[in-house]
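Report on the following structure.
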Amino acid sequence: MPANASPPPDAVILSAALTGSWPTKEQNPALPITEAEIADSAIECRAAGAAIVHIHVRDASGKVTCDPARYDRVRSLIRGRGCDVVINMSTGGGAGQTSDEERMAPVALFPEIASFDCGSVNFGDRVFVNSPRFLAELAKRMTSDQVLPEIECFEVGHVQNALRLIDEGALSPPFWFQFVLGLRGGAPASVKQLTHFVDMLPAGAKWSVCAIGRAQLPLGVAAMAMGGHARTGLEDNLYYRKGELATSNAQLVARLARIATELNRPLATPEQARQMLGLPALTLSPPLGQLSTVSR
Ligand code: ZN
């Protein structure tokens, strides 16, 4: 089947969250930190079945940064090797480690998707502030730059915030939600919580689940069984199983891909994911061997 064939109705979009803001190589040496490592990991995850990679970048000391030049380098490294994976850049900025303006900087790079953290929440020992003013400005910039918001909801009040923004016309379809479950400070990672989130969504919205730590696998499987989509990766969980560190992001993706196949959920290719999410197709520009989006 060609990679750009129409997606089957039951196709599942697997996302890989490669790095995150907080994990360290001391916790798991397989965590990609440099731009080259992040690009390598993205390409491996694509080969293992991921349609989307969710990216954070780090500075030379390994600390989270929103530096657009680093984001741009990661994207160039991925595309330069002919990899078509959908790229989702974080605007999270490490939950309180960066200013609102710094967090919005990656949007100006016109990523295909950027995260949109749809409300404030306690985040471990910190508070992750996403004020109404910040969300209104971020929605405005993402709309004008044609960046698809990945509406991240850490508790159901965040879905309510999204519904309000939709009502006000600040967010418009298609809608792509990511439910983050099991964060210390957010909604517990349970199927009961998940069904509550899903029940609140507007018609036609697509949704995915990422759950933290040991909840990552069971909630991902539950999401796929319910007809949703799933995210895995070292940002959310450093272990393959209890007491055993994951050896790579791709190892986690490959497990979810195997389970999806057993559940009769065909894996969406990146191009199929673009169709499902209303994103422009990606085309190869022959002279440079570079990939670029059609409409930008
Ligand atoms: Zn993230």
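The values are calculated or read from the model by the stated rules, or taken from the named source; none is laboratory data. Remember, it's a predicted structure, so these values are computed and weren't measured experimentally. Cβ placement follows ideal geometry from the backbone for every residue including glycine, while neighbour counts extend to all protein chains displayed. Just so you know, the surface numbers come from the protein's heavy atoms only, side chains and all, with ligands and any DNA or RNA stripped out. Shrake-Rupley method; radii C 1.70, N 1.55, O 1.52, S 1.80 Å.
For (1) away from the ligand (no atom under 16 Å from the Cβ); (2) under 19 Å from HIS54 (Cα atoms), each residue gets a yes or a no:
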| position | (1), (2) |
| --- | --- |
| GLN146 | yes, yes |
| LEU171 | yes, no |
| PHE177 | no, yes |
| VAL180 | no, yes |
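Taking the range 5-31 as the search range and keeping residues that are open to solvent by 40 Å² or more (accessible area, probe 1.4 Å) and either outside any loop (DSSP other than H, G, I, E, B) or touching a strand residue (DSSP E or B) at 6+ places or on another chain (Cβ under 9 Å) (or both), which one is modelled with the lowest pLDDT? Across the range 5-31, the extreme among qualifying residues is TRP22. Looking across the range 44-74, the residues that are surrounded by fewer than 24 Cβ atoms within 10 Å (Cβ to Cβ) and either touching a Leu at 6+ places or on another chain (Cβ under 8 Å) or free of Cβ contacts under 8 Å to residues at least 24 places away in the same chain (or both) come down to GLY49, ASP59, ALA60, SER61, PRO68, ALA69, ASP72.
Taking the conditions (1) touching a Phe, Trp or Tyr at 6+ places or on another chain (Cβ under 6 Å); (2) more than 16 Å from the ligand (Cβ to nearest atom) in turn, MET89 satisfies each one other than (2).
Filtering the range 165-176 to residues that are without any contact (Cβ under 8 Å) to a residue 60 or more places away in the chain and surrounded by fewer than 13 Cβ atoms within 10 Å (Cβ to Cβ) leaves ASP167, GLU168, GLY169, SER172.
When each of THR34, THR91 is tested for being open to solvent by 10 Å² or more (accessible area, probe 1.4 Å) and β-branched (Val, Ile, Thr), the lone residue that passes is THR34.
One line per residue, one yes/no per condition, for (1) within 26 Å of ALA139 (Cα to Cα); (2) touching a helix residue (DSSP H, G or I) at 6+ places or on another chain (Cβ under 7 Å):
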position	(1), (2)
SER6	no, yes
ILE13	yes, yes
PRO29	no, no
ALA42	no, yes
THR65	yes, no
ARG79	no, no
GLU101	yes, no
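Among the residues of the range 189-213, those that are touching a strand residue (DSSP E or B) at 6+ places or on another chain (Cβ under 7 Å) and not aliphatic (A, V, I, L, M) comprise GLN193, PHE197, LYS206, TRP207, SER208, CYS210. Looking across PHE116, PHE128, PHE134, PHE123, one residue alone is touching a Leu at 6+ places or on another chain (Cβ under 8 Å) and open to solvent by less than 30 Å² (accessible area, probe 1.4 Å). It is PHE116. Restricting attention to the range 98-139, report how many residues are of a type in the set (Lys, Arg) and farther than 27 Å from ARG73 by Cβ. Number of matching residues: 2. Please verify whether the range 128-144 includes one or more residues that are touching a strand residue (DSSP E or B) at 6+ places or on another chain (Cβ under 9 Å) and part of a strand (DSSP E or B). Yes, there is a match, as at least one residue in the range 128-144 is touching a strand residue (DSSP E or B) at 6+ places or on another chain (Cβ under 9 Å) and part of a strand (DSSP E or B). Residues of the range 206-222 include none that is open to solvent by 10 Å² or more (accessible area, probe 1.4 Å), more than 25 Å from LYS242 (Cα to Cα) and aliphatic (A, V, I, L, M). Pairs are defined by a Cβ separation below 7 Å, a sequence spacing of at least 6 or placement on different chains, a first member in the range 200-214 that is in a loop (DSSP other than H, G, I, E, B), and a second member that is acidic (Asp, Glu); the pairs so defined are ILE212/ASP236.
Filtering the range 92-104 to residues that are away from the ligand (no atom under 15 Å from the Cβ) and in contact with a Phe, Trp or Tyr (Cβ under 8 Å, 6 or more places away or on another chain) leaves only ASP100.
Quick grid of which residues meet (1) over 14 Å from the mean Cα position of the chain (by Cα); (2) buried (at least 19 other Cβ atoms within 10 Å of the Cβ); (3) at negative phi; (4) not in a helix (DSSP H, G or I):
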{"site": "GLN178", "(1), (2), (3), (4)": "no, yes, yes, yes"}
{"site": "LEU183", "(1), (2), (3), (4)": "yes, yes, yes, yes"}
{"site": "VAL198", "(1), (2), (3), (4)": "yes, no, yes, no"}
{"site": "ALA250", "(1), (2), (3), (4)": "yes, yes, yes, no"}
{"site": "ASN264", "(1), (2), (3), (4)": "yes, no, no, yes"}
